[in-house]
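Novice: Supplied in structure tokens, the structure appears directly below.
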Amino acid sequence: MTATTTISEANNTVAATVVPGHTHSQRNWVTPEVDEAGVARVMAATHCPRGIARLLVSRGFVEADAIRSFLSPSLDDLHDPLLMLGMKAAVERIQQAVRESEPILIYGDYDVDGTTATVLLKTAIERSAPKDKPALVRYHVPHRIREGYGMQVGVLADAATDGVRLVISVDTGIRAFAAATEARALSLDLIVTDHHLPDDAQGVPDALAVVNPAQPGCGYPFKSLCGAAVAFKLAQAVLEASCETEAKRDQLKRRLVPSFLKLVAIATIADSVPLIGENRVIASLGLNELRNPVQPGLRALMEVAQIPLDRPPTAVEVGFRIAPRINAAGRMDVASDVVDLFLTRDVERAKDLAAKLNRLNDDRKATEARALEAIDARLADLQAPDGSFPALCLVMDDAEWHRGVIGILASRIVDRTGRPALVLSHEDGQGHGSGRSIEGYHLLNALTEIHAAEDNKLFSRFGGHAHAVGFSLPAERIDLLRQRMEQHSASQLVGELISPPLECDLEVSLDELDPGFERWLNRCGPFGVGHQEPRLMTRNVEISAPIRIIKERHVCLNVVSGKARFNALGWSRMNESWPDRCQRMELTPGSRIDLAYRVRLKSTPFFTGLELELSDIRNAEP
């Protein structure tokens, strides 16, 4: 028996069918209701399977142009950079600096977004200059521990002393009010390019130009670019301005822009911005360009990450194999190594730098694992007998935790608990923190509210966006931070925010899952935040063999329905055990269950084909 309800997400209201959980399921499963006439039109226009047509319609793709752009993104789907507020003034000032041979400083950041943005903008400005009059472009990437996030006044002063007259920030600066004031005092022109949310009360810094689609008054049609994408837009505008003819502009668009999109795609995926709209176009085109890269640093990095060069990498490979190695430089050592890696033309130098990033990533994983042991012990103490956690934001701190991994630790806590988390390390009387959130809980807004509570300013500095924040505060205020976050989250984390239904995109039969269906599903990618990989649902399948337990914590179910037969894999996490669950459900060969899962394509020496990765199971209705 089913019921109909309405689910509101991202300001869009859609009808959904709610399938109540049975005896052993703790969550309701919901599937979207779609217009079947629209499904028929999509099938006729694309010749795709019905399940894919239902997916397209449920995600809002019903018009022919929108479907074309979604399934086959092209360079024509990228927006004009000059639509962005401040872009024209920024381009003109950069052109002036190039013409007059003024030294330019690019002020970056130490993560994937900031380092790739630095490379993109430096490369573009240098390419825009005449061959007989090269541009004078230097860069500064801050040290995470010694300098921290954001522009530092001392660095600006040193740059002014060295003759710099133009500073361009990338992936930082939207809240750099003090730095902007100091830049003006030093007779430095400042261009801020950023994607983080501005301060509602103070607005934007007093700079020559602020380029950020999230700032008030900006008419740019897409607001969720990452920092490297904003820098890319400036880079593209600078290069276009240097083109003397329409033919050269077309050549730029067809040859150079795709080359730039490789790094922009990596940053877009790594920074977890929503993979919708222009971000998805960037990711899709950029991933395709990453097949067999020529640039020595990028090629060496993909080789140490063990990513095949004869095909485009997947978004998962970028997110879990490329991005961590780039981030490891800023977390464990100096992020300028990443900029050097992507700028060098020396193959041996590239291999040495890539190997160093690989070693740093191993160090990062070991450091993270040690901290996670302590975190898991604390979570075990907080966990209720039913496996749930309190309805609050989890704030954890330890002087021994490396500041380079606190953001990762916050993400791990969110994964384990389904709760927002703030993680801090502290030294010399200061707490340095990073936070990650869940869907529906705006973490930057939360920090803004608790900072201003009771006229007692909490943070020394903070910033970020809905899902990720960074901050610092005196160590003696950490307990106050914990109290205020508990109070704030207790009033916000209620209902479906902490016990969300399991959203299934499609109900299909196992017979529909053939290689053709998987190829169409792949065309709907890349998937990520805001455009999640589709979760499928199939009712009333039979377990056809004894349940196989893998490494004591995971399971493999052999399931069959009609002529279709699949392996369904359940991977246990901290607060769930698939073997225990199967035992409680008394599952044996012949048991009939419903499955919620994602489709995986496996190709190994022992198995080739599709398999199912389980999200949930429940007893089938009689």
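The values are calculated or read from the model by the stated rules, or taken from the named source; none is laboratory data. Note that the coordinates shown come from a computational prediction; the quantities given were computed from them, not determined experimentally. Here Cβ is always computed from backbone atoms with ideal geometry, including for glycine, and neighbour counts include all displayed protein chains.
Novice: May I ask you to say which residue of Arg311, Arg291, Arg321 is without any contact (Cβ under 8 Å) to a residue 40 or more places away in the chain, within 18 Å of Ser74 (Cα to Cα), among the basic types (Lys, Arg) and outside the structural domain of Val405 (by TED's automatic domain parsing)? Spell out how you get there, then give the answer.
Specialist: Details: Arg311 fails: within 18 Å of Ser74 (Cα to Cα); Arg321 fails: within 18 Å of Ser74 (Cα to Cα).
It is Arg291.
Novice: Something else: With respect to Val155, is the statement that it is of a type outside the set (Gly, Ala, Ser) and under 20 Å from His196 (Cα atoms) true?
Specialist: On the way: of a type outside the set (Gly, Ala, Ser): yes; under 20 Å from His196 (Cα atoms): no.
Judged against the criteria, Val155 is not a match.
Novice: Another one. Based on this model, can you work out whether Gly114 counts as in contact with a Gly (Cβ under 8 Å, 6 or more places away or on another chain) and either surrounded by 21 or more Cβ atoms within 10 Å (Cβ to Cβ) or among the β-branched types (Val, Ile, Thr) (or both)?
Specialist: Details: in contact with a Gly (Cβ under 8 Å, 6 or more places away or on another chain): yes; either surrounded by 21 or more Cβ atoms within 10 Å (Cβ to Cβ) or among the β-branched types (Val, Ile, Thr) (or both): yes.
The answer is yes for Gly114.
Novice: Moving on to the next point. Farther than 26 Å from Asp346 by Cβ and of a type in the set (A, V, I, L, M): is that true of Ile282 in this structure? Can you show your working first?
Specialist: On the way: farther than 26 Å from Asp346 by Cβ: yes; of a type in the set (A, V, I, L, M): yes.
Judged against the criteria, Ile282 is a match.
Novice: Show the residue pairs that are 6+ apart or on different chains and have beta-carbon atoms under 7 Å apart, the first residue being within the stretch 223-235 and at pLDDT below 95, the second being among the polar types (S, T, N, Q).
Specialist: Nothing qualifies.
Novice: What number goes with the only condition from (1) surrounded by fewer than 18 Cβ atoms within 10 Å (Cβ to Cβ); (2) at pLDDT 95 or above; (3) in a helix (DSSP H, G or I) that Trp520 does not pass?
Specialist: So the condition that Trp520 fails would be (1).
Novice: Also, quick follow-up: Please list, ordered by first then second residue, the pairs with beta carbon atoms under 6 Å, 6 or more apart or interchain, first in the stretch 418-434 and small (Gly, Ala, Ser), second surrounded by fewer than 24 Cβ atoms within 10 Å (Cβ to Cβ) and not in a strand (DSSP E or B).
Specialist: From the stretch 418-434, the pairs are Ala421/Val414; Ser425/Trp401; Ser425/Arg403; Gly429/Ala475; Gly431/Ala475; Gly431/Ile478; Ser434/Gly407.
Novice: Identify the residue in the stretch 240-278 that is among the acidic types (Asp, Glu) and assigned to a helix (DSSP H, G or I) and, among all such residues, is surrounded by the fewest Cβ atoms within 10 Å (Cβ to Cβ). Break it down stepwise before answering.
Specialist: Residues of the stretch 240-278 that are among the acidic types (Asp, Glu), as a first pass: 240, 244, 246, 250, 271, 278.
In the following step, the residues that additionally are assigned to a helix (DSSP H, G or I) were identified as 240, 246, 250, 278.
Numbers: Glu240: 18, Glu246: 8, Asp250: 11, Glu278: 21.
Going through the qualifying residues, I end up with Glu246.
Novice: Right, here's the next one. Of all residues in the stretch 368-427, which are assigned to a helix (DSSP H, G or I) and basic (Lys, Arg)? If you could, list the steps in order and put the result at the bottom.
Specialist: The first filter runs over the stretch 368-427 and keeps only residues assigned to a helix (DSSP H, G or I), leaving 368-382, 403-417.
Correct list: Arg370, Arg378, Arg403, Arg412, Arg416.
Novice: Identify the single condition in (1) at negative phi; (2) in a loop (DSSP other than H, G, I, E, B) that Asn445 does not satisfy, given that it satisfies every other one.
Specialist: (2)
Novice: Is it true that Ala350 is over 29 Å from Leu275 (Cα atoms), modelled with pLDDT of 95 or more and either in contact with a Ser or Thr (Cβ under 9 Å, 6 or more places away or on another chain) or outside any helix (DSSP H, G or I) (or both)? Can you show your working first?
Specialist: Working: over 29 Å from Leu275 (Cα atoms): yes; modelled with pLDDT of 95 or more: yes; either in contact with a Ser or Thr (Cβ under 9 Å, 6 or more places away or on another chain) or outside any helix (DSSP H, G or I) (or both): yes.
In short, yes.
Novice: Scanning for something among the hydrophobic types (A, V, I, L, M, F, W, C), part of a helix (DSSP H, G or I) and outside the structural domain of Val192 (by TED's automatic domain parsing), does the stretch 224-232 turn up at least one residue? Write out each step before concluding.
Specialist: Taking the stretch 224-232 first, the residues among the hydrophobic types (A, V, I, L, M, F, W, C) are 225-226, 228-232.
Add one more test, that the residue is part of a helix (DSSP H, G or I), and what stays is 228-232.
Adding the requirement that they be outside the structural domain of Val192 (by TED's automatic domain parsing) leaves none.
Looking for residues that are among the hydrophobic types (A, V, I, L, M, F, W, C), part of a helix (DSSP H, G or I) and outside the structural domain of Val192 (by TED's automatic domain parsing), one finds none in the stretch 224-232, hence no.
Novice: While we're on this one: Quick check on the stretch 323-347: of everything there that is within 18 Å of Thr116 (Cβ to Cβ) and among the β-branched types (Val, Ile, Thr), which residue is modelled with the lowest pLDDT?
Specialist: Val334
Novice: Across the stretch 24-49, which residue is surrounded by the most Cβ atoms within 10 Å (Cβ to Cβ) among those that are within 14 Å of Cys524 (Cβ to Cβ) and touching a residue at least 60 places away in the same chain (Cβ under 8 Å)? Quick ask: steps written out before the conclusion?
Specialist: Pass one, the stretch 24-49, residues within 14 Å of Cys524 (Cβ to Cβ): 42, 46, 48-49.
Retained after the next criterion (residues that are touching a residue at least 60 places away in the same chain (Cβ under 8 Å)): 48-49.
Details: Cys48: 23, Pro49: 19.
Taking the candidates together, the pick is Cys48.
Novice: Also, quick follow-up: Going by the conditions given, is Ala466 farther than 17 Å from Gly148 by Cβ, outside the structural domain of Gln202 (by TED's automatic domain parsing), modelled with pLDDT under 95 and surrounded by 15 or more Cβ atoms within 10 Å (Cβ to Cβ)? Outline the logic, then answer.
Specialist: On the way: farther than 17 Å from Gly148 by Cβ: yes; outside the structural domain of Gln202 (by TED's automatic domain parsing): yes; modelled with pLDDT under 95: yes; surrounded by 15 or more Cβ atoms within 10 Å (Cβ to Cβ): yes.
So Ala466 passes the test.
Novice: What is the one condition in (1) without any contact (Cβ under 8 Å) to a residue 60 or more places away in the chain; (2) more than 20 Å from Phe260 (Cβ to Cβ) that Val334 does not satisfy?
Specialist: So Val334 meets the others, but not (1).
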